[in-house]
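Everything below concerns the one structure shown next.
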Amino acid sequence: MAVAVAASILTADFGNLYRVVRKLERAGVDRLHLDVMDGHFVPNITFGPNVVAAFRRLTPLPLDVHLMISEPSRYVTRFLEAGSDSITFHAEVEEPMAIQREILEEIAAARRQPGMAISPDTPVKAVEPFVDLLGIVMVMTVNPGFGGQRFISEAAPKIAEAKRLLGGRPGSAVHVDGGVSSETADVVGAYGVDVCVVGSALFQRGHDTEMEIQAVKRIAAAGAANGPRD
Ligand code: DX5
Ligand code: ZN
């Protein structure tokens with residue numbers, strides 16, 4: 001099974017986003033992963049719907065918007081209007097369950113992919129009540145907030161659990177986000193991940209972006225063929 005790569009642009013050069021996107025397209029990324037942070041749900045602040053709309057104008061690549069914000073219900077419409085192809089918010093938000101369902105329904109009604117993310121300490125069970133509405137489960141292998149953190153391998157087995165939960169529904173996908181590179185692709189591939197979100201590994205000084213993307217795809221696919229180690 002092929003594994004896709006979504007590039008997280010969090011640690012890219014924001015002064016040159018046009019060039020960053022062209023380079024990623026040429027290098028063979030499958031999707032762009034846009035990290036939205038509000039300085040409240042996570043300590044960091046990034047950007048909002050207007051920047052997502054700017055990416056929409058820059059590229060035909062699918063845009064996965066990862067909302068690390070406390071009140072996704074207040075902003076989901078604007079992120080849909082900005083041209084997101086998928087919108088994923090966190091299972092840890094404190095909005096009532098009925099509201100969380102409404103968010104997912106609004107995304108689905110707009111014919112985009114609705115997703116929920118789980119931080120490393122959150123079990124897959126947290127998204128179970130929403131499974132009928134979910135297109136994406138995003139398993140975080142770092143604590144949300146910053147790019148360039150160390151991969152938390154203890155969270156990786158949740159990828160397989162999330163896959164089982166989605167039950168292979170057509171169009172559904174498990175994404176893994178945080179610390180994914182050619183060094184960790186083996187593990188996430190073995191647990192059956194569909195989409196690897198790769199950030200800093202693509203933009204580190206001295207790293208060849210295209211080689212890293214191809215290596216992640218190849219190594220994750222090999223991991224999938226071999227299955228988990230232990
Ligand atoms: C972390 C973000 C991730 C992150 C990925 O809060 O959600 O998407 O930027 O970057 P790396 O690959 O550097 O962990
Ligand atoms: Zn992310």
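Quick look at the numbers
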| read-out | value |
| --- | --- |
| Dipole-positive endmost among PHE14, VAL142, LEU61 within the chain (Cβ charges, Cα centre) | LEU61 |
| Cα-based Lys pair tally, the chain, threshold under 27 Å, eight or more apart or on separate chains | 5 |
| For the chain, convex hull volume per residue from C-alpha positions, Å³ | 113 |
| Spatial separation of Cα centroids for region 203-224 and region 41-84, in angstrom | 26 |
| Phi-based couplings in Hz for region 202-216 (Karplus 6.51, -1.76, 1.60; Gly and Pro marked x) | 8, 10, 5, 4, x, 7, 8, 4, 5, 5, 5, 4, 5, 5, 4 |
| Per residue convex hull volume, Cα atoms of region 104-230, in Å³ | 118 |
| The chain - charge dipole about Cα centre, Lys and Arg +1 at Cβ, Asp and Glu -1, debye rounded to 20 | 660 |
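Read-outs: derived from the displayed coordinates by stated rules, not from any lab. Nothing here was measured: the structure is a model prediction, and the numbers come from that model. Note that we place each Cβ from the backbone using ideal geometry, even for glycine, and neighbour counts take in every protein chain shown.
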